1. Can you give me the pair-distance distribution of segment B:240-338, C-alpha pairs, 10 Å bins, whole percents?
2. Could you please state, rounded to a whole Å, how far the C-alpha centre of segment A:85-108 is from the C-alpha centre of segment A:115-155?
3. Please give the helix A:187-207 orientation as an angle from the longest Cα principal axis of chain A, in degrees from 0 to 90, rounded to the nearest 10.
4. Neighbouring Cβ atoms within 10 Å as the yardstick, rank B:119, B:45, B:261 fewest first.
5. Ranked highest first by the average count of other Cβ atoms within 10 Å around their residues, in what order do B:109-115, B:353-359, B:83-89 fall?
6. Starting from the Cα coordinates of chain A, work out the convex hull volume and express it per residue in Å³.
7. Under a crude label model (7 Å from the Cα following the beta-carbon direction), how far is residue B:81 from residue A:168 in nanometres?
8. Wrap a convex hull around the Cα atoms of segment A:9-104, take a quarter of its surface area, and give that in square nanometres.
């Protein structure tokens, strides 16, 4: 029983890391007032680019750089669409996801060969701490990339908390862009940067998934994890701690897919696959009534009196 | 003006009340808002071009997307001429190709019709895929359970009704959450896609549900075939797999067009879509209208799923809906509220999908190229929407809105 719990927690935390990394980026974006639905596509692009980079150069670190760069490019595209030309954020986000899915599937046919070894990241147990019962393997036996990403996420959380200038600026832009603008805050620049942050972190989340967890690229390998990240932000009421809890729950729900069959529990696989999404539905259905999104979410900013 | 400040304000400079000669910059690409009658005498080629912008700009986006796709095909090792030949052959080369393209178009048109009905009420139904899956599961449950002697006049409507009910029920979850809990239907219908796809997989993998009796280790995870009477009849063209599905889809789209444009219900839906508070003040049952609009969209997508199962090979398997939900959404978005346009776009996309399959078979270009083209078209059209505003609407709306607010002094205008 203890063993099972340990396994479940370890797998759950490992699967929660990509969700958390992407969700904390999405949190920054949404707080600035831009809903980035294309997290899914950015993750997939990042995963694809990291595997291409790692296999062609043989270095996992180059893979990480490629994943982050691809995420940045995807973020740039989304920022141009959402912030600069003020396109419908939901429509372009979903279309960008479709483009990423089709594009990476297309690219995988051309650039990746089946069965090549992908340089990746191995588990890096922290001495002593990793031997703790139950929690040890979950928290202290992750990959090096996961540790770095978790530190980065925590750092981002502090930098954009509601006690720093950056955090207040972010919230001001997301809550009332016109007032922020009058106060001299460069609204469009803040939003543009925020979407770039979403891109980089989503790309890194995809990289983590591809290089540290799955160790290869498969078509549509994110399979909706990016949407879970978007939902984690809603379910976490736009607060970093809430988002982290939501990401952990989604990670655990995904981990059940692997631990329950290993235990010999006879549950149809499809039921386990749908579990995270059912939880996500329950989360948005049950929690949204109690929390409030940033007022300016999905509303593009145009200075008053300038244009329609 | 600093360069940064300029970057911030450029997209809107041309709408300022005193139009200076436009600087040579991206500004020119955007039609300036017209100032009522003041501009009338100056209408020349530029103005006429501006009137055409709603047509020209999306068209340019489509052409651009196709050009990029052609480039990608070349990257995949197919010379443009060969790729074009394979595409053309797959679209209209044989009776078989035409028939299957028309069948695909019918499925897309059904999904798009539902999308447009919901869109009229201000709802974005992204859940076509899940609704197709659940509709198909419901249709299969009825279609395989009917006694073989059922007459077709009973079996076929029953199967399609079950499909509609399945799709509507699936959308009703999202509709209920939107109406009662205020949850964005975009998020819920998206999530329901994943759950719906899993429901389909579950149904075809469990013998207790819809899987055909497992007799050997090679029994595929798919349902037993539907009873003969529940098969969609072919149109009877020689060598063509075209079924009555296109006729059905056209009828559904026609009815939807009538309801949306010629009945009180259509006006009420539009009122809700334009402004919920205003519709509420008019005494309209806003919640009920939104709920029924989204469930209707689900029903239409469900029927699309039913049509897919009731066409050859008449079984349900887990690859049933490969992206029809998204493509239907694409059709709905490109049609911009017009069902007549939806018929045209669905037909075009149906042929493109059909051609894309042949592109893979004949020229070795991965079929995902079709999806690349589709999503590029949507990105292009959505990204240029700002430039494609109908001038007529802008003329009416702009002066009224601008009058009370004189332009703010720009704090950063003086460096």
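Laboratory data are not the source of any read-out in this text; all were calculated from the coordinates shown. None of the values given here were measured: they were computed from a predicted structure. For neighbour counting, all protein chains shown are included, and Cβ atoms are generated from backbone atoms with ideal geometry for every residue, glycine included.
1. Answer for segment B:240-338: a P(r) of 13, 38, 30, 15, 4, 0 percent.
2. Spelled out, the Cα-based centre of one part sits 31 Å from the other.
3. Helix A:187-207 and the main axis of chain A meet at about 10 degrees.
4. On the way: B:119 23, B:45 7, B:261 14.
The most exposed by this proxy come first: B:45, B:261, B:119.
5. Sorting B:109-115, B:353-359, B:83-89 by mean packing, highest first, produces B:109-115, B:353-359, B:83-89.
6. 141
7. Each label point is offset 7 Å from its Cα along the Cβ direction, giving 6.8 nm.
8. Its average projected convex-hull area is 6.8 nm².
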